[in-house]
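Peer 1: I'd like to ask you about the structure that follows.
What follows is calculated from the coordinates using simple rules that are stated; it is not laboratory data. Everything numeric in this text was worked out from a predicted model, so none of it was measured. Counting neighbours? That spans all protein chains shown, and the Cβs are built from the backbone with ideal geometry, glycine included.
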Amino acid sequence: MFRHPDFDDHEQVVFARDADAGLRAIIAVHSSARGPAFGGCRMWPYRREADALTDVLRLARGMTYKAAICGLPYGGGKSVILGDPQRDKTPALLGAMGRAVERLGGRYIVADDIGTTLDDLAVMRTVTSHTAAATAAARAPLAVTAYGVLMAIRAAVRHVERPGGLDGLRVAIQGLGNVGLPLASYLHEAGAVLTVADLDPARTAAARRRFGATVVEPALIHRQSVELFAPCALGAVLDDQTIPELQARIVCGGANNQLAEARHAALLAARGILYVPDYLANAGGVIDFHQERIDDSPEAVLAAVGRIEPIAEEVLRAAARSGRTPLEVADEMVQARLASARERRHG
């Protein structure tokens, strides 16, 4: 465990089991230096238990970075349930997961993620108070992550000084789920020209009908002749094979852990491709959670998520001035904020 390549001094990793309910889960608290760890609960039919551990460790670290880069008073955590959400999810399993969260005493606040829903959080809330989406307004549909990605895209497009902004921008979107589809809608409204891919033909058909999008096979989406590539599916899509095949000049999307390895940020930069760190572009969810506690009206939430745009501008400008990658600059900002928080906590 401590020698795992994705173990990054995580404060706590809990393996939760309830045989009667069929629960097999892992909860990872990466950091609580800035506040309680916040992050979603993913339910996925992992091929191997080791894959689930890798996923939860990487995702928890990403949540720490999302909160810190946005200056929010939270740490990073994540949980994964091993199982098929279409087949294995039951009220008993969700209740068992809620009790596992409750046993952490507020160190971890659970939210929805791939394979879980706001309704699932409501079931967990019968046994724990440590959940997101606790207010009526928070449970209303609002595409906060997609809106945050849009803000990051606006900053990136402005940075490369593209005439016309988003109007006419050629974008390839990988994945049309809870982030990719609303992002497509936002971009379409702004005048962008879309190419899309998804494993579900019903989703691509909807994008073709609603947005006039061109549909391509999932394996080809990153190769399209576009200006911007937006990964909005699973992670590790940017690697030694795919990066040389990119034709876009900007990569900015909603997926977590888009780089297979941190070194791939330098490979993108070497090709002249501007990469907006994924944990900044997709930080809308944690901003939304924080805003729920202040003013949970949709207008206030989207205004709060809008902070991603000036933060992205700051990161991109600093990277350009220093000759470093945007990821290096953002990581340095995060590390400084975490170090400061640890110093305050320990006196």
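Peer 1: For volume of the Cα convex hull per residue in Å³, the choices are (1) 188; (2) 136; (3) 125; which was calculated from the structure?
Peer 2: (2)
Peer 1: Still on this model: Taking θ as phi - 60°, what are the ³J(HN,Hα) couplings along region 54-59 by the Karplus curve (6.51, -1.76, 1.60), each to the nearest whole Hz, with x for Gly and Pro?
Peer 2: Result, rounded to whole Hz: 4, 4, 5, 5, 5, 5.
Peer 1: Now for a separate question. With axes computed from alpha carbons, what is the tilt in degrees of helix 91-102 against the longest principal axis of the chain, rounded to the nearest 10 within 0 to 90?
Peer 2: Roughly 90 degrees between the two axes.
Peer 1: Tally Lys/Arg at +1 and Asp/Glu at -1 over every other residue whose Cβ is under 14 Å from the Cβ of Ala266; what's the total? Present the calculation step by step, with values, prior to reporting the outcome.
Peer 2: Working: positive: Arg263, Arg271, Arg324; negative: Asp239, Asp240, Glu261, Glu328, Asp331.
Summing Lys and Arg as +1 and Asp and Glu as -1 gives -2.
Peer 1: Next up: Within region 69-103, which residues have the backbone N less than 13 Å from the label spot 7 Å out from Val127 along Cα→beta-carbon, could you tell me?
Peer 2: Within reach of a label on Val127: 90-103.
Peer 1: Work out how much length Asp9 to Ala318 would gain on full extension: take 0.36 nm times their residue separation and subtract the Cα-Cα distance, in nm to one decimal.
Peer 2: On the way: separation 309, 0.36 × 309 = 111.24 nm, distance 2.77 nm.
In short, 108.5 nm is gained.
Peer 1: Here's a follow-up. Net charge near Pro45, counting Lys/Arg +1 and Asp/Glu -1 over other residues with Cβ under 15 Å of its Cβ? It would help to have the intermediate numbers written out before the result.
Peer 2: Numbers: positive: Arg24, Arg42, Arg47, Arg48, Arg87, Lys89; negative: Glu49, Asp51, Asp55, Asp84, Asp88, Asp113.
So the surrounding residues net to 0.
Peer 1: Hey, quick one: spin label on Ala266, modelled 7 Å out along Cα-Cβ, who in region 311-339 has an amide N within reach, i.e. under 19 Å?
Peer 2: 319-333
Peer 1: List every residue whose amide H lies under 5 Å from the amide H of Asp112, counting only residues 5 or more places away in sequence or on a different chain, with H placed 1.01 Å from N in the peptide plane.
Peer 2: Close amide H contacts, sequence-distant or interchain: Cys41.
Peer 1: Still on this structure, please answer the following. Starting from 0.36 nm per residue, how many nanometres of slack lie between Glu332 and Asp51 once their C-alpha separation is accounted for?
Peer 2: Numbers: separation 281, 0.36 × 281 = 101.16 nm, distance 2.81 nm.
Computed gain between Glu332 and Asp51 is 98.3 nm.
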